[in-house]
Amino acid sequence: MTKKLIAEFLGTYFLILAGTGAIVTNFITGDLTHVGVAITWGLVVMAMIYTFGHISGAHFNPAVTIGFLTNRSISGKEATFYIVTQILAGLAASTTLLILFGNIANLGATLPREGWLQTFIIEFILTFFLMMVILGSAVHGKAVKSFAGIAIGTTVGLEAMFAGPISGASMNPARSIGPAMLSGTLEHLWIYIVATTLGSIAAAVIYQFIREK
């Protein structure tokens, strides 16, 4: 268990450091652009999956862990340790950015562009399909698992590309909790916890129904 938790911490830490760090860097320099930020998210997810997937399963995301708990791929005890570790890693990543740059761009916090309902629906849909891709590419017995990192990383990048400017494209409570808490932007944090978790649970339930036995 210890090795798994270390892998989850390191993977989640670097994922959030690189992704939100790209947002901060782009705010300062303007060099990355929104497309560059989205690509950063996709690439770092891909890299961390191939680095730590064989150790911990490369969840890096409390919503994903809850999805796996829903389909009984992980025990309640292990899921609890995973989630706490992921949240701590997100807080550590945001603390690192705060020390390096100060409270710039709200440390990459996810914030709704319009009303909360629009963002809630978007985050639910994004996380639903992310979890579906994870289950279909990394879990299914017939999946070509060596390509799972590419499928999942590409999905994150694509979703960040089209939804990032509207909802922030969180898909990950740990990704939103760290920047929100360290930057003090807590008003809409509940959306990124509830919507992403429900989206992942829905995907796990539907996947159980449609998968081949």
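The values are calculated or read from the model by the stated rules, or taken from the named source; none is laboratory data. The model shown is predicted, which means the values in this text are computed figures rather than measured ones. Here the Cβ is made from the backbone with ideal geometry for all residues, glycine too, and neighbour counts use every protein chain on show. Just the protein is used for accessible areas: all its heavy atoms, side chains included, with ligands, DNA and RNA removed. Shrake-Rupley method; radii C 1.70, N 1.55, O 1.52, S 1.80 Å.
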Contour minus end-to-end for S73 and L186, with contour as 0.36 nm per residue of separation and end-to-end as the Cα-Cα distance? 37.5 nm
Magnitude of the charge dipole, the range 98-213, Cβ model with Lys/Arg +1 and Asp/Glu -1, debye to 20: 420 debye
Quick one: work out Rg over Rh on the C-alpha atoms of the range 93-213, Rh as Kirkwood radius. 1.03
Can you pull a Stokes-Einstein diffusion coefficient for the range 158-213 at 20 °C (1.002 mPa s), Rh from Kirkwood over Cα pairs, as a whole number of µm²/s? 170 µm²/s
Taking Cα atoms, the helix 76-101 axis meets the longest principal axis of the chain at an angle in degrees (rounded to 10) of 20 degrees
Taking N as the number of residues in the range 47-94, what value does Rg over Cα atoms divided by 2.2 N^0.38 Å take? 1.12
Under a point spin-label approximation (7 Å from Cα along Cα-to-Cβ), what is the F129-F162 distance to one decimal in nm? 0.5 nm
Mind checking the per residue accessible area of the chain for me, 1.4 Å probe, whole number of Å²? 46 Å²
At q = 0.14, 0.18, 0.22 Å⁻¹, what base-10 log of I(q)/I(0) does the Debye formula yield for the range 5-66 when every alpha carbon is treated as an equal point scatterer in vacuo? -0.41, -0.62, -0.82
As a test of the formula, what do you get for the chain when each DSSP H run with n ≥ 4 contributes -39,500 (n - 2.57) and the sum is divided by the residue count, at 222 nm and rounded to the nearest 500 deg cm²/dmol? -25500 deg cm²/dmol
Using the Cβ atoms and a cut-off under 12 Å, what net charge is assigned to the surroundings of L69, where Lys and Arg are +1 and Asp and Glu are -1? +1
Within the set of other residues whose C-beta is less than 13 Å from the C-beta of H188, count the net charge using Lys and Arg as +1 and Asp and Glu as -1. -2
Which of these, G57, G11, G153, has the largest mean-square fluctuation under a Gaussian network model of the chain (Cα springs below 10 Å)? G57
Assign unit charges at the C-beta atoms only (+1 for Lys and Arg, -1 for Asp and Glu), then state the dipole size of the range 1-114 relative to its Cα centre in Debye, rounded to the nearest 20. 320 debye
Taking the dipole about the Cα centre of the chain, with the C-beta of Lys and Arg at +1 and of Asp and Glu at -1, give me whichever of G157, L107, L189 is farthest to the positive side. G157
To the nearest 10 degrees, the tilt of helix 33-56 (Cα long axis) against the first principal axis of the alpha carbons of the chain is 40 degrees
Per the 1.4 Å probe, what fraction of the accessible area of the range 1-110, in percent, lies on carbon and sulfur atoms? 69 percent
Which residue fluctuates the most in the chain, going by a Gaussian network model with Cα springs under 10 Å, if the choices are G164, G30, G178? G30
Normalised by the residues of the chain, what does the relative contact order come to in percent, with Cα pairs under 8 Å and at least six apart? 31 percent
Distances over 32 Å make up what percent of all Cα-Cα pairs in the chain? 10 percent
With +1 at each Lys and Arg Cβ and -1 at each Asp and Glu Cβ, the charge dipole magnitude of the range 42-178 around its Cα centre, to the nearest 20 debye, comes out at 280 debye
What are the ³J(HN,Hα) couplings of the range 8-23, residue after residue, when phi is run through the Karplus curve with 6.51, -1.76, 1.60 and θ = phi - 60°? Round to Hz, x for glycine and proline. 5, 5, 5, x, 5, 4, 6, 4, 6, 4, 5, x, 6, x, 5, 5
